[in-house]
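Asks: Structure in structure tokens, see below.
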Amino acid sequence: MKIANIVGARPNFMKIAPLMKAMRKQPEIQPLLIHTGQHYDAGMAGCFFQDLGIPSPDVFLEVGSGSHAMQTAEVMKRLEPVLERQRPDVVLVVGDVNSTMAAALTAAKLNIKVAHVEAGLRSFDRTMPEEINRLVTDAVSDFLFVTEESGERHLLAEGISQDKIFFVGNVMIDCLESSRRLWTGSTILEQLQLNKGRYGVVTLHRPSNVDESQTLERLVEALSVVAERFPLIFPVHPRTIGALKSLERFQSCLHFGNGAAPTTGIRCIAPLGYLDFMALVEHSRIVLTDSGGIQEETTVLGVPCLTLRENTERPVTVTHGTNRIVGSSPSRIVTEAARMLDAPFNAPVLPPLWDGHASERIVAVLRRVDPTST
Ligand code: UD1
């Protein structure tokens with residue numbers, strides 16, 4: 001059985017790594033890896049292949065950056081002839097990036113079965129490009145693998161039949177657990193001259209937070225107050241760096257580059273690879289983020305997390321984990337950060353099936369696919 005696995009952007013790589021490993025253990029499965037090239041910088045893509053031992057892609061589509069429509073269209077145009085040539089039995093997509101939706105649509109129109117890993121998550125905020133990607137991908141998928149109970153509920157409410165839905169756990173956590181030995185060996189704390197538990201981590205890249213300078217300014221205002229207690233380390237996504245440099249009012253507390261180590265303020269550094277980032281998060285006192293995946297990783301690592309968004313598509317990180325949704329109001333962020341830092345910390349409860357074995361469950365389901373059926 002031939003399975004074409006699609007990756008495109010940074011948050012896809014740690015999801016595909018354990019799946020490829022699990023597939024390669026099955027002699028009857030022939031996994032192909034197709035990289036759309038949505039992310040292409042060494043720091044956004046290349047280093048993840050090295051860190052996670054992902055095999056070189058069999059096909060590289062080199063779509064690069066562009067508007068949402070252009071990027072989606074470019075993936076579809078370039079993927080279609082590849083799928084026609086390869087005729088895989090299943091196209092497997094992960095997450096919710098533009099490449100995910102584009103590949104799912106392309107495969108569905110060629111009558112190739114689509115498997116979506118991380119199906120059913122919903123923020124109910126259609127201004128988020130990822131929400132559109134999630135809805136469209138799930139609507140055309142044949143196998144919907146969900147990470148948390150809410151996913152199953154949402155899919156059923158959208159009329160997707162129960163026999164297509166599989167609650168398997170979280171492949172992102174498979175990756176975190178299987179690479180734990182590697183990332184505990186990271187020297188990132190020494191490199192950045194940080195002491196365990198004496199710094200925070202920030203990530204921000206959502207268009208709704210960083211593309212509008214007033215919103216970004218309000219977030220940085222809040223971060224600069226939190227950063228009076230200890231340094232905040234901010235590995236900056238390429239889309240955010242220019243906007244940060246143009247915030248003149250905050251240049252005294254924003255420090256750029258991986259050099260000297262101020263004891264307070266916001267240290268903006270280049271994006272980190274997976275192993276260094278996991279080590280940085282594990283030893284941090286608090287994480288402030290607008291990422292989806294980091295809400296899940298902090299839950300498993302037991303690190304307090306403030307999500308700088310109005311909603312989350314991952315509610316289990318709030319009900320079971322360490323996550324709190326605080327939006328973008330500076331006063332709320334500062335108050336919640338202080339509360340989190342001063343309160344005694346309650347150990348998180350691991351969400352059901354976040355046990356490091358989701359990929360094996362997914363492969364067990366896919367092995368039952370009959371390659372002769374269309
Ligand atoms: C994408 C995903 C988002 C995910 C994020 C993780 C969509 C809709 N969004 O957002 O869900 O959380 O990845 O990182 O798919 N750029 C570079 N180098 C790169 C990649 C991007 O410089 O390797 C710059 C380009 O200026 C580009 C911009 O970043 O225009 C945005 O990249 P894009 O892939 O469009 O979306 P992300 O913001 O990365």
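Asks: Looking at LEU52, LEU110 in this structure, which one is at pLDDT 95 or above, away from the ligand (no atom under 16 Å from the Cβ) and aliphatic (A, V, I, L, M)?
Replies: Working: LEU52 fails: away from the ligand (no atom under 16 Å from the Cβ).
None of the others qualify; the one that does is LEU110.
Asks: From ASP163, ASP174, which residue is more than 21 Å from PRO11 (Cβ to Cβ), modelled with pLDDT of 95 or more and assigned to a helix (DSSP H, G or I)? Show your work before the answer.
Replies: Details: ASP174 fails: more than 21 Å from PRO11 (Cβ to Cβ).
Exactly one residue qualifies, and that residue is ASP163.
Asks: Can I ask one more? When you go through GLU221, GLU212 one by one, which is the residue that is free of Cβ contacts under 8 Å to residues at least 60 places away in the same chain and of a type in the set (D, E, K, R)?
Replies: Values: GLU221 fails: free of Cβ contacts under 8 Å to residues at least 60 places away in the same chain.
When all the criteria are applied, what remains is GLU212.
Asks: Could you tell me whether any residue of the stretch 13-35 is under 22 Å from the mean Cα position of the chain (by Cα), basic (Lys, Arg) and either at pLDDT 95 or above or within 11 Å of the ligand (Cβ to nearest atom) (or both)?
Replies: Yes: the stretch 13-35 contains one or more residues that are under 22 Å from the mean Cα position of the chain (by Cα), basic (Lys, Arg) and either at pLDDT 95 or above or within 11 Å of the ligand (Cβ to nearest atom) (or both).
Asks: If I filter the stretch 196-222 down to residues being under 18 Å from PHE277 (Cβ atoms) and not basic (Lys, Arg), which single residue comes out as nearest to the ligand (Cβ to nearest atom)?
Replies: Within the stretch 196-222, the match that is nearest to the ligand (Cβ to nearest atom) is HIS205.
Asks: Taking only the stretch 321-354 into account, find how many residues are in contact with an Asp or Glu (Cβ under 9 Å, 6 or more places away or on another chain) and either of a type in the set (Phe, Trp, Tyr) or farther than 24 Å from VAL225 by Cα (or both).
Replies: 5
Asks: Can you name the residue in the stretch 322-347 that is part of a helix (DSSP H, G or I) and in contact with a strand residue (DSSP E or B) (Cβ under 8 Å, 6 or more places away or on another chain) and, of all such residues, is surrounded by the most Cβ atoms within 10 Å (Cβ to Cβ)?
Replies: Initially, the stretch 322-347 is screened for residues part of a helix (DSSP H, G or I), giving 330-342.
Still in the list and also in contact with a strand residue (DSSP E or B) (Cβ under 8 Å, 6 or more places away or on another chain): 333, 336-337, 340-341.
Working: ILE333: 22, GLU336: 21, ALA337: 25, MET340: 19, LEU341: 15.
So the residue we want is ALA337.
Asks: Related question: On the basis of being among the basic types (Lys, Arg) and within 19 Å of PRO18 (Cβ to Cβ), does ARG181 make the cut? Walk me through how you get there before you give the answer.
Replies: Details: among the basic types (Lys, Arg): yes; within 19 Å of PRO18 (Cβ to Cβ): yes.
Taking the combined requirement at face value, the residue satisfies it.
Asks: Which members of the stretch 319-354 meet the condition of being within 30 Å of HIS116 (Cα to Cα) and more than 18 Å from the chain's Cα centre (by Cα)?
Replies: Start the filter on the stretch 319-354 by keeping residues that are within 30 Å of HIS116 (Cα to Cα), which leaves 319-327, 348-354.
Correct list: THR319, HIS320, VAL326, GLY327, PRO348, VAL349, LEU350, PRO352, LEU353.
Asks: What pairs come out if I take residues in the stretch 343-355 that are closer than 13 Å to GLU296 by Cα and pair them with residues that are of a type in the set (S, T, N, Q) whose C-beta lies under 6 Å away, six or more apart or interchain?
Replies: Taking only residues 6 or more apart or on different chains, the pairs are PRO348/THR299; PRO348/THR322; TRP354/ASN170.
Asks: Kindly establish whether GLY169 is buried (at least 22 other Cβ atoms within 10 Å of the Cβ) and more than 27 Å from ILE269 (Cβ to Cβ).
Replies: Numbers: buried (at least 22 other Cβ atoms within 10 Å of the Cβ): yes; more than 27 Å from ILE269 (Cβ to Cβ): yes.
Answer is yes for this residue.
Asks: How many residues are of a type in the set (Asp, Glu) and away from the ligand (no atom under 16 Å from the Cβ) when one looks only at the stretch 57-82?
Replies: 2
Asks: Now for a separate question. Is it true that some residue in the stretch 83-91 is within 23 Å of ALA270 (Cβ to Cβ), touching a residue at least 40 places away in the same chain (Cβ under 8 Å) and away from the ligand (no atom under 15 Å from the Cβ)? Give the steps one after another, and end with the answer.
Replies: Within the stretch 83-91, the subset within 23 Å of ALA270 (Cβ to Cβ) is none.
Checked against the condition, which is being within 23 Å of ALA270 (Cβ to Cβ), touching a residue at least 40 places away in the same chain (Cβ under 8 Å) and away from the ligand (no atom under 15 Å from the Cβ), the stretch 83-91 yields no hits at all.
Asks: Separate question: With within 20 Å of MET14 (Cα to Cα) and not polar (S, T, N, Q) as the only criterion, which of VAL140, VAL146, VAL210, VAL136 stands out?
Replies: Values: VAL140 fails: within 20 Å of MET14 (Cα to Cα); VAL210 fails: within 20 Å of MET14 (Cα to Cα); VAL136 fails: within 20 Å of MET14 (Cα to Cα).
Only one candidate qualifies: VAL146.
Asks: Right, here's the next one. Output the number of residues of the stretch 137-159 satisfying the condition of being within 19 Å of PRO315 (Cβ to Cβ) and in a loop (DSSP other than H, G, I, E, B).
Replies: Going residue by residue through the stretch 137-159, those that are within 19 Å of PRO315 (Cβ to Cβ) are 138, 144-158.
Checking the rest, the ones that are also in a loop (DSSP other than H, G, I, E, B) come to 147-148, 158.
Counting residues in the stretch 137-159 that are within 19 Å of PRO315 (Cβ to Cβ) and in a loop (DSSP other than H, G, I, E, B) gives 3.
Asks: Please state which of the following conditions GLY64 fails to meet, knowing it meets all the rest: (1) over 29 Å from ARG180 (Cα atoms); (2) surrounded by 14 or more Cβ atoms within 10 Å (Cβ to Cβ); (3) under 20 Å from the mean Cα position of the chain (by Cα); (4) not aromatic (Phe, Trp, Tyr).
Replies: If we test GLY64 against (1) over 29 Å from ARG180 (Cα atoms); (2) surrounded by 14 or more Cβ atoms within 10 Å (Cβ to Cβ); (3) under 20 Å from the mean Cα position of the chain (by Cα); (4) not aromatic (Phe, Trp, Tyr), just (2) comes out false.
Asks: Let me ask you something else. For the stretch 98-114, give me each residue that is not β-branched (Val, Ile, Thr) and not in a helix (DSSP H, G or I). Lay out the reasoning, then the answer.
Replies: Restricting attention to the stretch 98-114, the residues satisfying the condition of being not β-branched (Val, Ile, Thr) are 98-99, 101-105, 107-111, 113.
If the condition is that a residue be not β-branched (Val, Ile, Thr) and not in a helix (DSSP H, G or I), then LEU110, ASN111, LYS113 are the ones that fit.
Asks: Could you give every pair whose Cβ atoms fall below 7 Å, whose first residue belongs to the stretch 311-325 and is without any contact (Cβ under 8 Å) to a residue 24 or more places away in the chain, and whose second residue is of a type in the set (Asp, Glu), counting only separations of at least 6 or pairs across chains?
Replies: ARG324/GLU336
Asks: I've got another one for you. Looking only at the stretch 272-321, count every residue that is outside any helix (DSSP H, G or I) and of a type outside the set (S, T, N, Q) and tell me the total. Spell out the reasoning first.
Replies: As a first pass, look at the stretch 272-321 and keep what is outside any helix (DSSP H, G or I): 272-273, 283-292, 302-315, 320-321.
From the residues that got through so far, the ones that are of a type outside the set (S, T, N, Q) too are 272-273, 283, 285-288, 290, 292, 302-306, 308-310, 313-315, 320-321.
Of the residues in that region, 22 qualify.
The values are calculated or read from the model by the stated rules, or taken from the named source; none is laboratory data. Predicted, not measured: the structure shown is a model, and the values here were computed from it. Glycine gets a Cβ as well: all are built from the backbone with ideal geometry, and neighbour counts include every protein chain shown.
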